[in-house]
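The values are calculated or read from the model by the stated rules, or taken from the named source; none is laboratory data. Predicted model only: the values in this text are computed from it and were never measured. Methodologically, a virtual Cβ is constructed for each residue, glycine included, from the backbone with ideal geometry; neighbour enumeration extends over all protein chains shown.
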């Protein structure tokens, strides 16, 4: 990693990466947050001026300014997580690793952490690598996605490639004026009929047809009132990926494939 | 900013953390101090039934104990907190230390530092001071050096035993009892003249593990007493050497252990 071996070069490598653990704190529990940041400056030997500048930037970006004088033990989990991310960035790491950054957070805090990370990634100053079981994190944040199962890489690529590779189907949900029979649309199947046919869910594979063609066919055949196009559900894809019967593991052993 | 200054900052933070709960800190400190009292009471009780222990008088035995306990408390203050290494490993907190650019052992020692142990260190030092006073020692500058050197060496030796004991955690997550046998067992062993132990036991714990150099041999030198076991008198000056051997062995064991560590995957 970064051209260094993790075990023998641990100390040199530590200066070049930042790590945030979802369930373990890197901060000093009983001291005000400000002091943790100051101690990390000494640990990483960052010059004072550089540190102050970076602290100011990240405090704004991650919105931890109001927390600086609060002892870490009194922070909520969401506040603490944003503080942990700030702490991990103060020595200007090349790569920021986050282990389950949204675990155990409520919906609002999750969103705050996610938008902070999205803003951070957008600055282009640091490569963000995160592990998560929360698929919303992935949809929101990830350009490259690696799915690992039992130490084997099951997928390495973009989210779209994942959908393509595992035959994800897009869905169109249509609402019709009045009861109607099962719709007949080429290259699409009706998965679900509700309210005596007033509401029907169709699915199709993007390689066979397009949303526009499906909607056009529905509008030509029936009194269309409202419609909704749903993106493929990543939960569904991942579930399929993990339950694919694989007597012989099909993935690449981890470590051989993640270089670069 | 050098490494020493970084650690000084970290120790300062640790002290501020622990003293932020003022009342519980004071109670801890007092109860810690009481421990040393019980250790000395045990020796007083022994001498109620005998006048000599392995050829040593009460005053001389108290001097051995005073030096051994002071050394033990220094070691306990420095490295005693390492006993919690297994919970660091179990909860994955060790990983959080490994991603920082400082020594793993150094960080753990600072993070597990228990300031309250100072309470019992002070008590042990008082016992040692009293013992030095009641014994008839003809002081020379060399003996002052021997005394200071042996206190420091005893602290280093016991710290090394704590480090070595906790290193076992990297292989056996529940190695605490084995570790205790050498740390607390070492404290008890070094508190008495080694002449009281059976010869096989003595060879192992006085010389193979060089516990005889923690208190016994330096005290013989202070008292100008030849060793009843027939060892040469220069053994009394060898405490720093024994401490260095123990420290080197402990450092090697730690280094091997930490490289063996793979995390608990929690």
Fill in: Selection status of residue A:202, touching a strand residue (DSSP E or B) at 6+ places or on another chain (Cβ under 7 Å), under 19 Å from residue A:161 (Cβ atoms) and surrounded by 15 or more Cβ atoms within 10 Å (Cβ to Cβ)
no
Worksheet item: If a residue has to be within 11 Å of chain A (Cβ to nearest Cβ) and on the phi < 0 side of the Ramachandran plot to count, how many in the stretch B:80-105 make the cut?
Response: 14
Worksheet item: Does at least one position in the stretch A:100-120 carry a residue that is touching a residue at least 60 places away in the same chain (Cβ under 8 Å), assigned to a loop (DSSP other than H, G, I, E, B), over 14 Å from the mean Cα position of the chain (by Cα) and surrounded by 15 or more Cβ atoms within 10 Å (Cβ to Cβ)?
Response: no
Practice prompt. Only residues that are under 19 Å from residue A:211 (Cα atoms) and surrounded by fewer than 14 Cβ atoms within 10 Å (Cβ to Cβ): list them for the stretch A:166-186, please.
Written response: A:167, A:182, A:184, A:186
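Please go through the stretch A:19-70 and give me each residue that is part of a strand (DSSP E or B) and either more than 8 Å from chain B (Cβ to nearest Cβ) or without any contact (Cβ under 8 Å) to a residue 40 or more places away in the chain (or both), ordered by number.
Of everything in the stretch A:19-70, those that are part of a strand (DSSP E or B) and either more than 8 Å from chain B (Cβ to nearest Cβ) or without any contact (Cβ under 8 Å) to a residue 40 or more places away in the chain (or both) turn out to be A:20, A:32.
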Fill in: Lone unmet requirement of (1) surrounded by 13 or more Cβ atoms within 10 Å (Cβ to Cβ); (2) under 16 Å from residue A:236 (Cα atoms) for residue A:130
(2)
Discussion item. Taking the criterion of being assigned to a strand (DSSP E or B), under 31 Å from the mean Cα position of the chain (by Cα) and either modelled with pLDDT under 80 or not assigned by TED's automatic domain parsing to the domain that holds residue A:110 (or both), would at least one residue in the stretch A:214-224 satisfy it?
Written reply: no
Worksheet item: Across the stretch B:226-253, what is the total count of residues that are in contact (Cβ under 8 Å) with a residue 40 or more places away in the chain and more than 17 Å from residue B:158 (Cβ to Cβ)?
Response: 3
Practice prompt. All but one of (1) over 30 Å from residue A:107 (Cβ atoms); (2) touching a helix residue (DSSP H, G or I) at 6+ places or on another chain (Cβ under 9 Å); (3) more than 13 Å from chain B (Cβ to nearest Cβ) hold for residue A:76, so report the exception by its number.
Written response: (1)
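Do we have residue A:23 as within 18 Å of the chain's Cα centre (by Cα) and surrounded by fewer than 16 Cβ atoms within 10 Å (Cβ to Cβ) here?
When the stated conditions are applied, residue A:23 passes them.
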Fill in: Selection count, the stretch B:1-30, where residues are without any contact (Cβ under 8 Å) to a residue 24 or more places away in the chain and away from every other protein chain (no Cβ under 11 Å)
6
Worksheet entry | Candidate set: the stretch A:7-18, residues that are without any contact (Cβ under 8 Å) to a residue 12 or more places away in the chain and in a loop (DSSP other than H, G, I, E, B); chosen: the one nearest to the other protein chains (Cβ to nearest Cβ) | A:7
Worksheet item: Just checking, how many residues over the stretch B:123-148 are part of a helix (DSSP H, G or I) and buried (at least 16 other Cβ atoms within 10 Å of the Cβ)?
Response: 10
